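Reviewing the structure listed below.
The values are calculated or read from the model by the stated rules, or taken from the named source; none is laboratory data. Keep in mind it's a predicted model, so treat the numbers as computed, not measured. Cβ coordinates were reconstructed from backbone atoms using ideal geometry, including for glycine residues, and neighbour counts include every protein chain displayed. Note: areas computed on protein heavy atoms with side chains; ligands, DNA, RNA excluded. Shrake-Rupley method; radii C 1.70, N 1.55, O 1.52, S 1.80 Å.
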Amino acid sequence: MAKNKILSGMRPTGRLHIGHLSVLENWKKLQEEYSCFFFSADWHALTTSFEETGEIKKNTLEMVADWLAVGLDPEKSVIFTQSDIMEHAELHLLFSMIIPLSWLERVPTYKDQVQQFREQGKDIMTYGFLGYPLLQAADILVYRADAVPVGEDQLPHLELCREVARRFNHMYGRSVFPEPRALLAKVSLLPGIDSRKMSKSYANDIGIFTGTDDLKKKVNSMITDPARIRKNDPGHPEVCVVHKYHSIYSPGELAGIEDQCRKGEIGCVACKRIIQSSLDRVLAPLREKRKEITSRPGFVEEVLADGASRARREAAETMRMVREAMRI
Ligand code: TRP
Ligand code: SF4
């Protein structure tokens, strides 16, 4: 039997940070078991930055180089750019004819985001922005994907996608589309160095490929337990950013560190030195791999061209079925 199909994508927003690592580790595992499609959602990037498009192409190349450095394998997975596959646009257009406006207006992320952008003085009441989740449904259904690894924030979009599949199949009396399942991985929600959500826009992130010196600076500015003034004050690891990082990157030393922190037997400076070397141990090989990829000019472009031709074959087959079902 053919392997189940998995599809997922990211908007190309530039270099990735270590918060993305657990997502990519999950993708990496999935490619051993499933037929995987991973893509750069560059059209989706346009929904919010349609005035400044200059970086989008470069960002796709950087992001995909990051994916490859972390271990996505173009031999195993189909890695491509959304805008290379016109079928996404065709399917999106056809869906836009059959999906009630109210379905899109009630997607919870829509009103939230419009509100958020308003607060920043930006107004994005475009047609495309409202249609963001419908384009996402087309991304998924054009490959007839069985499952989509996503974060919790994307669940409403996946629910809409399932409803679109159901409506299409019912309306045209053919089961063209499976209803894709969400694959919710246990993603570790690593906070930024200031303990807020990690995000490039807060400048509290740690890049996956950050060099040792820069890493040291970032670690030094991590927020620790504010109640510890002297080195031997008893600490509360549960409120400390460094501790959260230890729980992921120093599992072997975690229990000991917690104990010593509570008893005031380890100072934060020493504790930070440990997390820095734990992080460095994990990131150093990725840095090397990233350098190797950068040193092969045209390699990422080749991967994407090959991915596009494999993706196109699959998408073209779906569109043949769609047109036949719709008699178009
Ligand atoms: N909306 C997703 C995000 O912001 C990106 C995305 C676009 C996507 N199309 C997709 C994810 C299809 C999964 C499947 O993260
Ligand atoms: Fe955090 Fe470590 Fe300091 Fe405890 S000793 S507060 S875990 S940095």
Query raised in the report: In segment 151-172, is there at least one residue being surrounded by 17 or more Cβ atoms within 10 Å (Cβ to Cβ) and among the basic types (Lys, Arg)?
Result: yes
Query - helices (runs of 4 or more DSSP H) lying entirely in segment 228-303 (those with 2 or more residues that are more than 16 Å from ligand 1 (Cβ to nearest atom) and within 18 Å of Asp194 (Cα to Cα)) - result: 241-249, 268-294
Query raised in the report: Thr60 versus (1) of a type outside the set (Asp, Glu); (2) surrounded by fewer than 19 Cβ atoms within 10 Å (Cβ to Cβ); (3) not in a loop (DSSP other than H, G, I, E, B): which is the lone unmet condition?
Result: (2)
Query raised in the report: Can you find a residue in segment 225-241 that is within 24 Å of Arg15 (Cβ to Cβ) and of a type outside the set (Asp, Glu)?
Result: yes
Query raised in the report: Within the bounds of segment 189-202, is there any residue that is among the basic types (Lys, Arg) and away from ligand 1 (no atom under 16 Å from the Cβ)?
Result: yes
**Report entry** Whichever residue in segment 1-37 is over 18 Å from Phe80 (Cα atoms) and of a type in the set (Gly, Ala, Ser) and, among such residues, is surrounded by the fewest Cβ atoms within 10 Å (Cβ to Cβ)
**Finding:** Ala2
Report task. Please give the number of the condition Asp84 fails out of (1) open to solvent by less than 20 Å² (accessible area, probe 1.4 Å); (2) within 15 Å of ligand 1 (Cβ to nearest atom). Result -> (1)
Query raised in the report: Which residues, taken from segment 305-317, are open to solvent by less than 10 Å² (accessible area, probe 1.4 Å) and touching a helix residue (DSSP H, G or I) at 6+ places or on another chain (Cβ under 7 Å)?
Result: Ala308, Ala315
Query raised in the report: Quick check, is Val269 β-branched (Val, Ile, Thr), open to solvent by 40 Å² or more (accessible area, probe 1.4 Å), in contact with an Asp or Glu (Cβ under 6 Å, 6 or more places away or on another chain) and over 30 Å from Glu75 (Cα atoms)?
Result: no
Query - Identity of the residue in segment 208-246, more than 10 Å from ligand 2 (Cβ to nearest atom) and among the hydroxyl-bearing types (Ser, Thr, Tyr), that ends up nearest to Asp66 (Cα to Cα) - result: Thr210
